Structures are given as C-alpha cells and as structure tokens.
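Every number in this text was worked out from the coordinates using simple rules, so none of it is lab data. Just so it is clear, the model here is predicted, and its values are computed rather than measured. Glycine also receives a Cβ, built like all others from the backbone with ideal geometry; neighbour counts cover every protein chain displayed.
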Amino acid sequence: MNENDLKLVRAIEDDERYEHTLGCVATAEKLAQRYGEDVDMAKTAACYHDITRRMDRKSQLKILKKYGIIVDRSEATGPALLHAVTAAALAEHDYGLSPEIVSAIRWHTTGKPNMSKLDKIIWLADYIEPGRDFRGVDDVRNVAYDDLDKAMIIALTRSVDHLKKLGNAVCPKTAETLKYLLDTQKDHTLE
Ligand SMILES: [Fe+2]
Ligand SMILES: [Fe+2]
C-alpha cells in the first residue's frame, strides 16, 4: 500500500468512511505484525475494503453484472453485505490486487468457514478499529492480540445475539462462520 492507494480511496470515501478506513489500516498493520502476516497485504486490503460502501445500489448491481457475479439472496438484499462483494470485484478487476487481498475484502463482513489468517485480520480490524464504539467492542479488542479465533468467536456471538434480540435474520454465512470456529476450537481442546 502506498500514498496512491490512500489518495484513490480518499477521493471516493466521505470523511467518516475514510476515517474508518484509516483506523482499519492501522489496526490491520498491528494485527499483521502480531501474527506474522504480510503487513503490506493487510494494509492494502484494509485500505480498499469499504471502497463501495456508500455506492448506490444500482451502481453496485452494475458491477455484479459487468463481472458476471452471482450472489445469493441474503447478500443481494442490503448494501451492508453487497458492498463486500462489489469492493472485492473492483479490487480484483480494476485495481489488480492479489487473490489473498481480494478474499479478505470479499469476506470482511460476513466471514466464512475456514478463513485465512489475512481474512481474519481484516475482519477483526474492521470490527475493532479505534473509531468503533459499541457495547462489547473492548472485549474483542482485549482478545484480538492473543487469539484471532477467540476474538472472532466473541464478536460473532455478540452479533448473532444482537440480531436475534432485534428479531432480525442472521446471515447464513455469519452463522456458518461462528459454528465453524466453535467446532475447530472444540477439536483443539480434544487434542
Ligand atoms: Fe465494510
Ligand atoms: Fe469497514
């Protein structure tokens, strides 16, 4: 990631979103250092992860059509999930970023089973960057530098509980991600 990447994103994002992006870049850098991940890849993924977050739905659907991307119904409904798909598409096709970075952007909202270390770092950086301020975020911050999986389990459990309490549907991919992480933790304790 260099100045040009930041400039490009700065030209697209509003002040609030850009500040969030900078927070993610800084957090992704620290997490990458902590876990021996490629720091530049982590910063680049964080830089581009929300590039389509404020894009209108019509333009997002155009991106899907242009690149022949099919999304399932749960992802196509709201901008909250759609932007991860379209940002990943632009990262791949317009900005020529590596498959590892594209994957981290693609899964930064819902997660997925069997995520790479970089996927998890970007997912968590998005969740705990310094601008985030909601109940429970410090619990995740406290664990994020000790155990990526545990931090994700705390965050995902909180998200799923929160959605259920509101009577909202839980994205199937998010539920699958949590289940996968819980199952792999169980396997470790059995070893
Ligand atoms: Fe996002
Ligand atoms: Fe984000």
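Structure above, values below:
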| item | result |
| --- | --- |
| Residues located in region 22-42, provided they are closer than 11 Å to Met1 by Cβ and within 16 Å of ligand 1 (Cβ to nearest atom) | Val25, Ala28, Ala42 |
| Residue match in region 34-57 (condition: without any contact (Cβ under 8 Å) to a residue 12 or more places away in the chain and under 19 Å from Ala125 (Cα atoms)) | yes |
| From the options Lys112, Lys164, Lys186, residue that is within 18 Å of Leu81 (Cβ to Cβ), part of a helix (DSSP H, G or I), away from ligand 2 (no atom under 16 Å from the Cβ) and not hydroxyl-bearing (Ser, Thr, Tyr) | Lys164 |
| Close pairs from region 10-27: first among the small types (Gly, Ala, Ser), partner not in a helix (DSSP H, G or I), Cβ under 7 Å, at least 6 apart | Gly23/Glu129; Gly23/Pro130; Gly23/Gly131 |
| Search result, residues across region 48-72 that are more than 12 Å from Ala88 (Cα to Cα) and not in a loop (DSSP other than H, G, I, E, B) | Arg57, Lys58, Ser59, Leu61, Lys62, Lys65, Lys66 |
| From the options Val170, Val143, Val102, residue that is out of contact with any strand residue (DSSP E or B) (no Cβ under 7 Å at 6 or more places or on another chain), within 20 Å of Pro79 (Cα to Cα) and part of a helix (DSSP H, G or I) | Val102 |
| Tally, over region 62-112, of residues that are closer than 25 Å to Lys7 by Cα, within 16 Å of ligand 1 (Cβ to nearest atom), surrounded by fewer than 19 Cβ atoms within 10 Å (Cβ to Cβ) and of a type in the set (D, E, K, R) | 0 |
| Residue satisfying condition, being farther than 23 Å from Ala144 by Cβ and within 16 Å of ligand 2 (Cβ to nearest atom), within set Glu29, Glu13 | Glu13 |
| Pair list, Cβ < 7 Å and 6+ apart or interchain, from region 109-122 residues that are within 18 Å of Val170 (Cβ to Cβ) to residues that are β-branched (Val, Ile, Thr) and in a loop (DSSP other than H, G, I, E, B) | none |
| Asp138, sole failed condition from (1) surrounded by fewer than 17 Cβ atoms within 10 Å (Cβ to Cβ); (2) touching a residue at least 24 places away in the same chain (Cβ under 8 Å); (3) more than 14 Å from ligand 1 (Cβ to nearest atom) | (2) |
| Scope region 122-140; condition of a type outside the set (Phe, Trp, Tyr), within 13 Å of ligand 2 (Cβ to nearest atom) and not in a loop (DSSP other than H, G, I, E, B); matching residues | Ile122, Leu124, Ala125, Asp126, Ile128 |
| Qualifying residue in region 46-63 (condition: out of contact with any strand residue (DSSP E or B) (no Cβ under 7 Å at 6 or more places or on another chain), of a type in the set (Phe, Trp, Tyr) and within 18 Å of Gly131 (Cα to Cα)) | yes |
| Candidate set from region 108-133 (those that are out of contact with any Leu (no Cβ under 7 Å at 6 or more places or on another chain) and among the aliphatic types (A, V, I, L, M)); member that is nearest to Ala28 (Cα to Cα) | Ile122 |
| Residue check for Asp138: within 24 Å of Ala88 (Cα to Cα) and out of contact with any Ser or Thr (no Cβ under 7 Å at 6 or more places or on another chain) | no |
